[in-house]
Amino acid sequence: MDIYLTALALGGVGLAGMAVSGMGRPGHAHSGTAHAGHAHSGHSHAHAGHGHAGHGAHTNAAHAHTSQRTSEPGTNPILALMSPRVLFSVALGLGTAGLLLRTVLPEPILIATALAIGVMFERFIVTPIWNFTFRFASNPAATLESAVMEEATAVTSFDKNGQGLIAIQVDGQMVQLLGTLQSGDREMKVRVPAGARLRVEDVDAARNRCTVSLI
């Protein structure tokens with residue numbers, strides 16, 4: 001099969017497929033947002049040590065996510081050249097240029113010229129259009145679990161069991177849920193008045209509650 005026709009078909013189909021799959025991704029993934037109506041300060045079951053165990057799990061998850069993100073092709077210029085979008089774009093430009101110029105340029109000048117045009121096509125045409133198209137794609141909505149190690153505020157004074165209503169900012173919105181002091185603070189009989197600043201140590205999104213410590 002003709003190399004330029006093959007490159008044209010491969011690049012066109014590949015870019016089209018990537019564009020369609022990118023457009024089809026949901027912009028927001030809403031999950032587990034807690035509201036004030038779900039949090040009742042009358043709950044009295046405190047989970048000792050739960051906050052630190054949860055924090056460790058979330059810390060490990062954060063490190064894993066960071067490692068995965070730093071290994072993506074876009075973080076290395078050399079690896080970026082091997083990304084599917086770049087390869088498809090260069091192939092499309094190469095194939096188009098080769099078919100248009102094959103009657104005026106001999107080989108191997110034709111293949112070199114077509115490749116150069118393919119690279120410029122990717123760099124100066126596809127990349128700006130691609131970035132402009134997807135710059136408005138919304139980021140996934142933050143979940144309640146993302147509030148771990150973030151600051152919260154006590155809405156009510158905590159009771160003798162170390163529990164009270166707290167407010168956390170999640171994805172730009174204030175969310176209220178039941179907060180329980182971590183075991184160490186409960187053993188020390190730490191008092192938490194309304195308006196006190198707290199740190200979220202662990203989150204139980206399914207039960208709309210979290211473990212906190214006094215800042």
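Just checking, does the range 133-147 include any residue being over 30 Å from Leu10 (Cβ atoms) and surrounded by 20 or more Cβ atoms within 10 Å (Cβ to Cβ)?
For the range 133-147, residues over 30 Å from Leu10 (Cβ atoms) and surrounded by 20 or more Cβ atoms within 10 Å (Cβ to Cβ): present.
Could you check the range 193-212 and list, in sequence order, the residues that are of a type outside the set (D, E, K, R) and in contact with an Asp or Glu (Cβ under 8 Å, 6 or more places away or on another chain)?
Hits for the range 193-212 are Leu198, Val200, Val203, Ala205, Cys210, Thr211, Val212.
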Within the range 174-189, is there a residue that is within 29 Å of Arg85 (Cα to Cα) and in a helix (DSSP H, G or I)? no
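Each value in this text was obtained by applying a stated rule to the coordinates, not by laboratory testing. If you're wondering where the values come from, they're calculated on a predicted model, not measured in any experiment. FYI the Cβ positions are ideal-geometry reconstructions off the backbone, even for glycines, and counts take in every protein chain you see.
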